[in-house]
Every structure is written in structure tokens, then in C-alpha cells.
1. Please give the charge dipole size of region 55-99, origin at the Cα centre, charges +1 on K and R Cβ atoms and -1 on D and E Cβ atoms. Round to the nearest 20 debye.
2. Taking all protein chains as present, what is the carbon and sulfur share of the accessible area of region 117-202, in % to the nearest whole number, probe 1.4 Å?
3. Leaving out same-chain residues fewer than 8 places away, which aspartates and glutamates sit with a Cα under 20 Å from that of residue 136?
4. Roughly how many Å² of residue 247 are accessible to a 1.4 Å probe, to the nearest 10?
5. Let me check against my output: what whole-number percent is the relative contact order of region 46-118, with C-alpha pairs under 8 Å and at least 6 apart?
6. Show 93, 54 ordered by accessible area, largest first, where the area counts protein heavy atoms only and the probe is 1.4 Å.
Amino acid sequence: MAQKEAAAALANLLSRVARYSVILGIGGSALQSSLYTVDGGERAVMYDRIQGVLDEPIGEGTHFRLPWFQTPNVMDIRTRPRSISSVTGTKDLQMVNITLRVLSKPDVEQLPRIFRNLGTDWDERVLPSIGNEVLKAVVAQYQAEQLLTQRDQVSAAVRDSLMKRASEFNILVDDVAITHLSFGTEFTKAVESKQVAQQEAERARFVVMKADQERKAAVIRAEGESESAKLISEATKQAGMGLIELRRIEAARDIAGTLSKSRNVVYLPSGGPNMLLGINPTQ
């Protein structure tokens, strides 16, 4: 009898434990489905089956929701980079391949509207389209050569236009930069030919300037020699043969000084018309 009562009590206890376990499991599952977490750099947009998308974005932390009735959609609000490439024409009808690097993020206050109109992949839907549109509109205002010489101005124009266009979709553009710029083969060859022609023109200009300077130097040198000859002629008329004798003595002294410093053996003839040491001024 005692064993039957003990068995009945054990069975009753196991039944209660099973019943409570089911209740706890259902309660835990309901509690878990009622909680959701928004990490740092993210915001949640709540979709309610009765009210639709709620107008207030939900910040970071752990929050409650009504299971099945409410669905949180977590969106990243951090700045993200994206490359946009486009092949477009310039003002002088040259084709150019240009690539932009765009740093953008959604407007936090307008996240519900962004989610309602564009979804969570707003950057995939909007940026490639408006990026190509802005690039084609801006590049068409410049000639191909200006894209190289005025690259900062072109980049600023693209940035201003893209910021204005993206604001219509509640997207904030932090920075825009041109990372790649290339032209067609024909234009590249034309630029190389132009550079070669400019280098040849600079070289020809240098040759002309050099010839002009040499001509001026020759004129100045001839004028100096003419003036020197004139002065010597006048001095000779005034001083007679004494000036010539003085020049011969100075020349002989220079020759003797040079020969005395030489280590080689030098043989001098005893006389002759080619040696200044043996000239008699009276002859």
C-alpha cells in the first residue's frame, strides 16, 4: 500500500514538473521573441502590423516588442564607402572613364521614410543611379584637357551636385573624390603628340636663344678687340717702340716663368724670329 502511494506521489510530481517546464518554456520563448538588441552604430525601424512603419527610430540597446505584431528592422547608420564608375563624354566629345569614391550615410531622423521608400539596401538603389547622373552632367561641362588641369574644381562640382541630389532621398554625403580618370586611346595619343611637340618647340627656342647669345658675345668680343687695338695704336704713336719693347719683356718673363716650373727638359734655340727672348727691337 505504501509503495502504491509513493508511486502515485512520484507520478504526480513528475506531471507537475512537466507542466511547469512547458509553461516555463513557452514563457521563455515568448520573452526571447519579445526582446531585440540594437548594436552601436545602428538604429531600428519598427514595423507594426496595425499602425505600419512607426515614425520614431529606435536607438541602441535592448528593447521590447510585441511578437508577431511588431517587427524591428535594424539599419546601419555609419558612414560607408562606395565606388561609382561611369563612361561619359566631355564637352569636346571625348569619352572618359571616371570613378568616384563616395562616403555616405542615411539621415537618422528620416530613417522611417528611407525604410518605407527605399528599404534597408538604400545605397544599392540610389547611389549608382544618381552618381552616374551627376557625373554625366558635370563632365559634359568641361573639356577633356580641363579634367586633368582642373581636377580639384571638377571634384568639387561633382561633390556639390551629388550632395544636393542625395539630399532629396534623405542621404547624407560626407565626401566625394575622383579616384580614377582615363581617356580613350586616340585622345591619349593626341596628348602624347602634343607634349612631344611642346618639348621640341622648347628645344628649338633654346637653340635660338643660345645662337642669339653667342652672336651678342661675338659682337662684344669684336668690339673689345677693336677698342684694344685702337688703344694700342694710340699708345704706340705716343710712346714709340718703348711700348712694344715692354710687351716683349713681359712676354719673355711669362715664358721663362712657365719653363722654370716645368719638369721636362726644354731646349731653346739660340735665336730666331719666333723667340721673343732674342729679338732686337732696333731691327
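The values are calculated or read from the model by the stated rules, or taken from the named source; none is laboratory data. Please read these numbers as outputs of a predicted model, since none were measured by experiment. Reconstructed Cβ throughout: ideal geometry from the backbone, glycine too, with neighbour counts over all protein chains shown. To get the accessible areas, we keep the full protein, side chains included, count just its heavy atoms, and leave off ligands, DNA and RNA. Shrake-Rupley method; radii C 1.70, N 1.55, O 1.52, S 1.80 Å.
1. Computed charge dipole of region 55-99: roughly 200 debye.
2. Using a 1.4 Å probe with all protein chains present, region 117-202 comes out at 46 percent carbon and sulfur.
3. In chain and number order, the partners are 92, 123, 124, 145, 152, 160, 168, 175.
4. 130 Å²
5. Relative contact order of region 46-118: 31 percent.
6. 93, 54
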